[in-house]
Amino acid sequence: MLTGSVTTTISEGIATIEFFHPQSNSLPASILGQLAESVNAVSNDPNVIVILLRSAGDKAFCAGASFDELIAIDSLEGGKEFFSGFANVINAMRKSPKLIIGRVQNKAVGGGVGLASSVDYCFATTKASIKVSELAVGIGPFVVGPAVERKIGTSAMSQLAVDATQWYSAQWALEKGLYSGVYETEELMDAALEILIKKLANSNPEAMRELKKIFWKGTEDWDQLLMERAGISGRLVLSEFTRNAINSFKTK
């Protein structure tokens, strides 16, 4: 468990994918790879009608990229490979013919905001504030950017990207369309989530497949786009500025 885990359970047509990492549910390459594989697997499983994506625990939903892995990148190829992990997860969620429901119990940073933006409907608590912090460490939200922008619009995405050290409240995220519902407690959130996801599990799979196509119309070039963006991030992570900034964050 020290390196984290991704687990999948399937019950009554509902596939629950849960990820965990001891460092605030951060996303090292191993977790990203397992997430993409898990989404692809349940997307192709005829026994699955709807997918739930969640993280473990009641603390951070997701702290984004692993700083330990970022600082260890020492080549352009290695940088692009790491950031392509985020691209692969987003593209797996985009291409899935099944609706994906998100559960955000607490704060989401960077790649975590990208995950929340890539589900089709997202539940959250009032603790689920968000921050897109990449620019603060010299990179920029290049890979997750298209998913976030698609969900909340260019203006709100620009606000997140530019003011990279600012936390934005769950209410702000609700108003911008990232979250579909915000609840005072996890218990209230889970009660509402259970009602919806059971309804979806008994809905017409073909109708939901057609809806999914409509939701993601205009993203057909993302296989190429997100890999190009991974290359930009992979180049910037090698800069002296970024290395100093990451080391500074790690020592706080």
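Every number in this text was worked out from the coordinates using simple rules, so none of it is lab data. These figures come from a predicted structure and were not determined experimentally. Neighbour counts run over all protein chains shown; Cβ positions are idealised from the backbone, glycine included.
Diffusion coefficient of region 48-183 by Stokes-Einstein, Kirkwood radius over Cα pairs, 10 °C, 1.306 mPa s: 106 µm²/s. In percent, rounded to a whole number, the relative contact order of region 13-104 is 43, using alpha-carbon pairs under 8 Å and six or more apart. Put a plus charge on the Cβ of each Lys and Arg, a minus charge on the Cβ of each Asp and Glu, and nothing anywhere else: the dipole of region 5-185 about its Cα centre is then about 420 debye. Considering only alpha-carbon pairs that sit under 8 angstrom and 6 or more positions apart, the relative contact order computed for the chain is 22 percent. Here the Karplus relation 6.51 cos²θ - 1.76 cosθ + 1.60, evaluated at θ = phi - 60°, turns the backbone of region 13-23 into coupling constants of x, 10, 9, 9, 9, 10, 10, 8, 8, x, 8 Hz, with x for every Gly and Pro. Note on L135 and D163: the extension gain reaches 9.2 nm, defined as 0.36 nm multiplied by sequence separation minus the Cα-Cα distance. Using 27 Å as the Cα-Cα cut-off, could you pick out the over-long pairs in K59/K80; K176/K199; K59/K131; K107/K250? Over 27 Å Cα-Cα: K59/K80. When each of the peptides 27-33, 214-220 is scored by the mean number of other C-beta atoms lying within 10 Å of its residues, the order from highest to lowest reads 27-33, 214-220. Every Cα-Cα pair of region 146-216 was included, and the share exceeding 16 Å stands at 64 percent. Positive end of the dipole of the chain (Cβ unit charges, origin at the Cα centre): among L53, L135, N88, the Cα lying farthest that way belongs to L135.
By the rule of a C-alpha distance below 17 Å, with chain neighbours fewer than 8 residues away ignored, the aspartates and glutamates paired with K213 are D120, D221, D223.
Considering only beta bridges that DSSP places wholly inside the chain, some 30 percent are antiparallel.
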